[in-house]
Amino acid sequence: MRASQYLNASYSLFSYAGRRYTGIPLNPPLPPAINVELTSVCNLACPECLTGIALTNRKSGFIDFDLSGKIATELSGTTLSAWLYFQGEPMLHPRFFEIVSLFHRMNPVISTNGHFLDQNNCTMLAESGLKKIIISYDGATQETYSAYRAGGDHTRVTEGIQLLAETIESTRSSLKMELQFLVGSHNETEAGQVALFAKSVGASFRIKSMQVLDNKRIEEWIPAEKRNSRYMTKHGKHSSMHKVKRGCFRMWRGAVITTDGDVVPCCFDKNGKNIMGNLYHNSFSEIWNGPEYRKFRANVMKSRSHEEICKNCPQGSRLFFSK
């Protein structure tokens, strides 16, 4: 990695702290982290996912390869981490591995539902230069797994994980594998079994609390173990555990680029309601330092309640747990 990337990340934190705690109006450098949405298309129909239930207002599609190259070229000297996913299943992109190679200097990471881990793909993943692959694995049985991963095949994903583990070992790849367990009332009793499976294949394991889109269904999904939920219950009503505060480091350290080139402030803006600019019309630097972004950061710094997408954002709350 380049020293400039670490220096950029350090100054990002410094400039945010200066603005947040002293009021010094330091502008952020280019972000040390970036999310690039390879596709907004998915092969599953998860019930609490906007893509899965087809409630996104954005047009479904794949990011253009040339646009991916433009992003990688502009940010390669400053961005320390490239997260190549947002909505959708990134491995569905027809030029997936070519795009991954564009970001090889930025510690690229993908998150996948694990349905495309055949022998050829496992070999290419091991040799791709990816730093980490996060695989959603939310149950120890087909019945439990498919309660959320609607249309998913537990056996196929399990065998794919095992094959990838064998391939990583045989090729001596540096690729790290993480199994992510989205916990709910339907699967919380199987977290231990999945943790043991993760250990058996040399993968790390994390439990993630679930975001429920429809408040009327919170009771249906939230786990009994309170620490694994991002909701609290009071007088029979459910609400988010977080408190809306001022400031958000995400506005300094990262941004999300959608398939159509729009730049939005964070992954909580799934429908692209807060478009800061479009990369077909401007460079990322122009957008990052532009009036829309400056105004948005100023509002968030005063109070997150000023921006609609920030009101229910769990930023500052603990969302991930180990068994």
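The values are calculated or read from the model by the stated rules, or taken from the named source; none is laboratory data. Values in this document were obtained by computation on a predicted structure and should not be read as measured data. Reconstructed Cβ throughout: ideal geometry from the backbone, glycine too, with neighbour counts over all protein chains shown. SASA here: full protein model, heavy atoms, side chains in, ligands and nucleic acids out. Shrake-Rupley method; radii C 1.70, N 1.55, O 1.52, S 1.80 Å.
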- How large, in percent, is the carbon and sulfur part of the accessible surface of the chain at a probe radius of 1.4 Å? 51
- For the pair Ser283 and Glu74, how long in nm is the line joining their label points, each one 7 Å along Cα→Cβ? 0.8
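Rounded to two decimals, what ratio of Rg to Rh does segment 173-213 give with C-alpha atoms and a Kirkwood Rh?
1.05
Of all alpha-carbon pairs in segment 18-81, indicate the percentage at a distance above 19 angstrom.
56
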- Message: Applying a 10 Å radius around every beta-carbon, put 178-191, 76-89 in order of their mean neighbour count, most first.
- Response: 76-89, 178-191
- Task: Determine by what factor the alpha-carbon radius of gyration of segment 1-149 differs from 2.2 N^0.38 Å, reporting the quotient.
- Result: 1.21
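If you roll a 1.4 Å probe over the heavy atoms of the protein chains, what accessible area per residue do you get for the chain, in Å²?
Per residue, the chain has an accessible area of 47 Å².
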- Query: So how exposed is Tyr137, as accessible area in Å² (1.4 Å probe, rounded to 10)?
  - Reply: 10
- Message: On a 1.4 Å probe surface of the protein chains, which of Lys131, Lys199 comes out largest in accessible area, and what is the full order?
- Response: Lys199, Lys131
- What list of ³J(HN,Hα) couplings, whole Hz, do you get for segment 190-203 from phi and the Karplus terms 6.51, -1.76, 1.60, once you set θ to phi - 60° and write x for glycine and proline? 9, 4, x, 5, 5, 4, 5, 5, 4, 4, 5, 9, x, 9
- Query: Per-residue HN-Hα couplings for segment 30-35, Karplus 6.51 cos²θ - 1.76 cosθ + 1.60 at θ = phi - 60°, whole Hz, x for Gly and Pro?
  - Reply: 4, x, x, 9, 8, 9
- Message: Please compute the length gained on full extension between Ile275 and Lys245, using 0.36 nm multiplied by the number of residues separating them and subtracting their Cα-Cα distance.
- Response: 8.6 nm
- Query: Rounded if a/c is under 1.5, else prolate if a/b beats b/c, else oblate: with a ≥ b ≥ c from the C-alpha gyration tensor eigenvalues square-rooted, which is segment 1-48?
  - Reply: oblate
- Note on the structure: Probe 1.4 Å, all chains present, heavy atoms only: Met124 accessible area in Å², nearest 10, is 70
- Message: For the chain, give me the percentage of DSSP beta bridges that are antiparallel, rounded to the nearest 5 percent.
- Response: 35
- Note on the structure: By the Kirkwood definition, with r running over pairs of different Cα atoms, the chain has a hydrodynamic radius in Å of 20.6
